[in-house]
1. I'm trying to understand the selection: among the residues of the range 7-27, which are of a type in the set (A, V, I, L, M, F, W, C) and not in a helix (DSSP H, G or I)?
2. Given the criterion touching a residue at least 40 places away in the same chain (Cβ under 8 Å), loosely packed, with under 13 Cβ neighbours inside 10 Å and either on the phi > 0 side of the Ramachandran plot or among the aliphatic types (A, V, I, L, M) (or both), identify the matching residue among 115, 161, 149, 139.
3. When only residues in the range 164-182 that are touching a residue at least 12 places away in the same chain (Cβ under 8 Å) and part of a helix (DSSP H, G or I) count, which is farthest from residue 32 (Cα to Cα)?
4. Among the residues of the range 125-139, is there at least one that is part of a loop (DSSP other than H, G, I, E, B) and more than 30 Å from residue 3 (Cα to Cα)?
5. What's the number of the condition residue 4 fails, among (1) under 22 Å from residue 178 (Cβ atoms); (2) in a strand (DSSP E or B); (3) over 16 Å from the mean Cα position of the chain (by Cα)?
6. Among the residues of the range 39-57, write down those that are β-branched (Val, Ile, Thr), surrounded by 17 or more Cβ atoms within 10 Å (Cβ to Cβ) and more than 14 Å from residue 109 (Cβ to Cβ).
Amino acid sequence: MGKVYETIDDKLRQWVEAQKMFIVATAPLSGDGLINCSPKGMDTFRILGPTTVAYLDLTGSGIETIAHLKENGRIIIMFMAFEGGPKIVRFHGKGVVYEKGSDDFARQAQHFPDLPGARAVIQIEVNRIADSCGFSVPLYDYVSDRDILVDFSRNLGEEKLQYYRENKNSRSLDGLRGYEGK
């Protein structure tokens, strides 16, 4: 029933770009470490090439994805159709972190809107692209993006956001190194 793709073709690109939410999952190498699964939204996902994708990572309460990527690079991105025909798409790959303040971040951030609270761009070289049916995914109507995270970051301002990242995002729940940028 599912299909494996060699690359992200135009039809798949259009479908992905129409989705309003995606989920990111990572895990540390330690079998005792916590697996992370994090929903993402807003206009923060981009397809950069036939097997390259990226998303803009915003400052939040945790740093698990960045910490896991720094440790081992493994990541999966999942999209689900909440409107229209049922479908799930997964991008498995190796991710790298471009933290705010680096030249790589500045280059990659040009692909995204200038959102308050941006702390990194996560770029993934995709080594497996697959879809599946999604028959059990419920139908939902999209109303709008939430402004809470953007408003939180805007209200803090860049100086306080940097302090927040240094104090709340420097280590993962498992003690792995997290955000190190400026």
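1. Here is the first cut: in the range 7-27, the residues of a type in the set (A, V, I, L, M, F, W, C) are 8, 12, 15-16, 18, 21-25, 27.
Result: 8, 21, 22, 23, 24, 25, 27.
2. Details: 115 fails: loosely packed, with under 13 Cβ neighbours inside 10 Å; 161 fails: loosely packed, with under 13 Cβ neighbours inside 10 Å; 149 fails: loosely packed, with under 13 Cβ neighbours inside 10 Å.
Just a single option satisfies the conditions, and that option is 139.
3. Of all residues in the range 164-182, those touching a residue at least 12 places away in the same chain (Cβ under 8 Å) come to 164-166, 168-174, 176-182.
Okay, now just the ones that are also part of a helix (DSSP H, G or I), so 164-166, 168.
Numbers: 164: 27, 165: 25, 166: 26, 168: 22 Å.
Top of the filtered list is 164.
4. Looking only at the range 125-139, we keep the residues that are part of a loop (DSSP other than H, G, I, E, B), and these are 133-139.
Within this subset, residues satisfying the condition of being more than 30 Å from residue 3 (Cα to Cα) are none.
Within the range 125-139, none of the residues are part of a loop (DSSP other than H, G, I, E, B) and more than 30 Å from residue 3 (Cα to Cα).
5. Looking at each condition in turn, residue 4 falls short on (1).
6. Step one: of the range 39-57, the residues β-branched (Val, Ile, Thr) are 44, 47, 51-53.
Add one more test, that the residue is surrounded by 17 or more Cβ atoms within 10 Å (Cβ to Cβ), and what stays is 44, 47, 51, 53.
Of everything in the range 39-57, those that are β-branched (Val, Ile, Thr), surrounded by 17 or more Cβ atoms within 10 Å (Cβ to Cβ) and more than 14 Å from residue 109 (Cβ to Cβ) turn out to be 47, 51, 53.
Bear in mind that the values in this text are calculations on the coordinates, not laboratory data. This one's a predicted model, so the numbers in the text were calculated from it and none came from an experiment. No Cβ is skipped: glycine too gets one built from the backbone with ideal geometry, and neighbour counts run over all protein chains shown.
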